[in-house]
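This report refers to the structure that appears directly beneath it.
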2 protein chains.
Amino acid sequence: MQKPKKSNKSETTRSLILATALRLFRERGFEETTMRLIADEAGTSLGNAYYYFRSKDELIHSFYASLQIEQLAACEGILAVEKSLRGRLAGIIRAQLGIMTPYHRLFMSLFKIAADPTNTLNPFSEDTREVRNASIHRFSDAVGGANERITDDLKEELPMLLWLYHMGIVLFWIYDRSSGFVRTYKLIELSSDLICNLITMASLPLLAPLRKSALQLVVSLREI
Amino acid sequence: MQKPKKSNKSETTRSLILATALRLFRERGFEETTMRLIADEAGTSLGNAYYYFRSKDELIHSFYASLQIEQLAACEGILAVEKSLRGRLAGIIRAQLGIMTPYHRLFMSLFKIAADPTNTLNPFSEDTREVRNASIHRFSDAVGGANERITDDLKEELPMLLWLYHMGIVLFWIYDRSSGFVRTYKLIELSSDLICNLITMASLPLLAPLRKSALQLVVSLREI
DNA sequence: GTCTATAACCGGATAGAC
DNA sequence: GTCTATCCGGTTATAGAC
């Protein structure tokens, strides 16, 4: 965001606070980790933690950003290999979940906060636009490099729709108590199959009217 | 919920606190109304407000219940007249929104709390099951009494799916800033058309495989 | 001007005296 | 049943140190 000159000391303190916070978030969840504890464990004061991070949420924004970078790298590998839409779609969702897995507990406790549409951590909010757009762009790549032929009108809306679908999978994953998240991975198989079939069918001339009205609906919803 | 014998004084104080709370919620929203202010305006103490209501959320519950009863009555009228699935579906959704409209502001501020899946006010939670089942049942009536022929496997899942759709409309309505909520009513027209077309098509033999796998997905999702 | 710390404030919730 | 005093945790004000 901003890049004022920073002394070594400052940068060290800042990353110490962030690292401590992320460790505690992982270990105890979001609500259970107090700002006082973060400051304590980082060996500094509460006021100082607030000097570096204007709010508790801002610590999470930093986490979002670093996660984003990791996910991008993981997806590049998948998209270079997989060429079917289904393989690309399921592949990048699995890869992204893999990166998120160590933080499953944090995501569980985060959901309650992120579900609030007025909260800056909400995945649909203005404040997360950058991260969200980067994520949507990966689905754009997934659609763009796939073998399947898809009608142009659909292709335009697909990245956002598939990102939305992926958010649904993430939601399921957050609540998935099965060991190794097998239920989530099963759901990815089932649903990506279904969705790719739907996309293929939607491109058939027979279903053009239905596709048109569905797309019209999507467009009107986007203008909220 | 519970009906222990209550002295006149007690009942008076309790309803005074509740009435004061609901007025302030309407005037200022949920978060902006502090428990201290409620107690103050009701002419009692903070501790006493907590004696009658274990939490701020509990003040909202009676509001929920009374709304439910009003909505049921409004829907009965619609379902007695409308015979097409589309008319019944759009009709009961419009009717229910009509009942909710005077409370739009309260719903706006309430959404943030109700979106939290661990909160008792969450529409998917255990604590709202009764109200939710009553609501789903109305969609069951809407499907059951409609003229259209719908395959049995689909018919079974439809009430819950349509309730889910209606929750989406409510979400849109909460955020709808257009005067008279015209955008919401437009959305109801567009989407109920689309959904009824989808239901009709899904019952065609050609699309049986797609329908089967979609229903399989729905069933597996319900077991979360 | 860049850090760090201490002492508050605020609002939901609780304890315990009367 | 009703109150006052208090806890708790996010956040802020602010005073000083470097």
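The single condition among (1) within 11 Å of chain B (Cβ to nearest Cβ); (2) of a type outside the set (D, E, K, R); (3) touching a helix residue (DSSP H, G or I) at 6+ places or on another chain (Cβ under 8 Å) that A:THR200 does not satisfy is (3). The single residue among B:ARG132, B:ARG138, B:ARG149 that is closer than 21 Å to A:LEU210 by Cα, more than 10 Å from every other protein chain (Cβ to nearest Cβ) and of a type in the set (Lys, Arg) turns out to be B:ARG149. A:LYS83 meets the conditions (1) under 14 Å from the mean Cα position of the chain (by Cα); (2) in a loop (DSSP other than H, G, I, E, B); (3) at pLDDT 95 or above in every case but one. The failed one is (1).
The rows are residues; the columns are (1) aromatic (Phe, Trp, Tyr); (2) more than 14 Å from DNA strand D (Cβ to nearest atom); (3) within 18 Å of B:ILE113 (Cβ to Cβ).
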position	(1), (2), (3)
B:SER10	no, no, no
B:ALA21	no, yes, yes
B:ARG28	no, yes, yes
B:THR34	no, no, yes
B:ILE38	no, no, yes
B:ALA42	no, no, no
B:GLY47	no, no, no
B:LEU67	no, yes, yes
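Close contacts from segment A:10-29, counting a first residue that is over 25 Å from A:MET108 (Cβ atoms) and a second that is aliphatic (A, V, I, L, M), with Cβ to Cβ under 6 Å and a gap of 6+ residues or different chains, come to A:LEU16/A:ALA42.
Please work out if B:PHE53 is away from DNA strand D (no atom under 16 Å from the Cβ), of a type in the set (Phe, Trp, Tyr) and either out of contact with any His (no Cβ under 8 Å at 6 or more places or on another chain) or more than 14 Å from every other protein chain (Cβ to nearest Cβ) (or both). No: the conditions fail for B:PHE53. Taking into account only those residues within segment B:98-133 that are part of a helix (DSSP H, G or I) and in contact with a helix residue (DSSP H, G or I) (Cβ under 6 Å, 6 or more places away or on another chain), which is nearest to B:GLY180 (Cα to Cα)? Selected residue: B:ILE99. When B:ASP116 is tested against the conditions (1) within 12 Å of the chain's Cα centre (by Cα); (2) free of Cβ contacts under 8 Å to residues at least 40 places away in the same chain; (3) within 14 Å of another protein chain (Cβ to nearest Cβ), the lone failure is (1). Applying the selection to segment B:53-80, what residues are exposed (fewer than 13 other Cβ atoms within 10 Å of the Cβ) and outside any helix (DSSP H, G or I)? Scanning segment B:53-80 gives B:ARG54, B:SER55.
On inspection, B:ARG88 qualifies as more than 16 Å from DNA strand C (Cβ to nearest atom), crowded, with 17+ Cβ neighbours inside 10 Å and among the basic types (Lys, Arg). Only one of the listed residues (A:THR44, A:THR13) is touching a Ser or Thr at 6+ places or on another chain (Cβ under 9 Å), part of a helix (DSSP H, G or I) and within 11 Å of DNA strand C (Cβ to nearest atom). That residue is A:THR13. Restricting attention to segment A:16-41, the residues being away from DNA strand C (no atom under 14 Å from the Cβ), away from every other protein chain (no Cβ under 14 Å) and part of a loop (DSSP other than H, G, I, E, B) number 1.
Could you check segment B:27-46 and list, in sequence order, the residues that are modelled with pLDDT under 95 and surrounded by fewer than 16 Cβ atoms within 10 Å (Cβ to Cβ)? Selection gives B:GLU27, B:ARG28, B:GLY29, B:GLU31, B:GLU32.
A:ARG149: closer than 25 Å to A:ARG105 by Cα and not in a helix (DSSP H, G or I), yes or no? Taking the combined requirement at face value, the residue does not satisfy it.
The values are calculated or read from the model by the stated rules, or taken from the named source; none is laboratory data. Computed from a predicted model, the values in this text were never measured in an experiment. Reconstructed Cβ throughout: ideal geometry from the backbone, glycine too, with neighbour counts over all protein chains shown.
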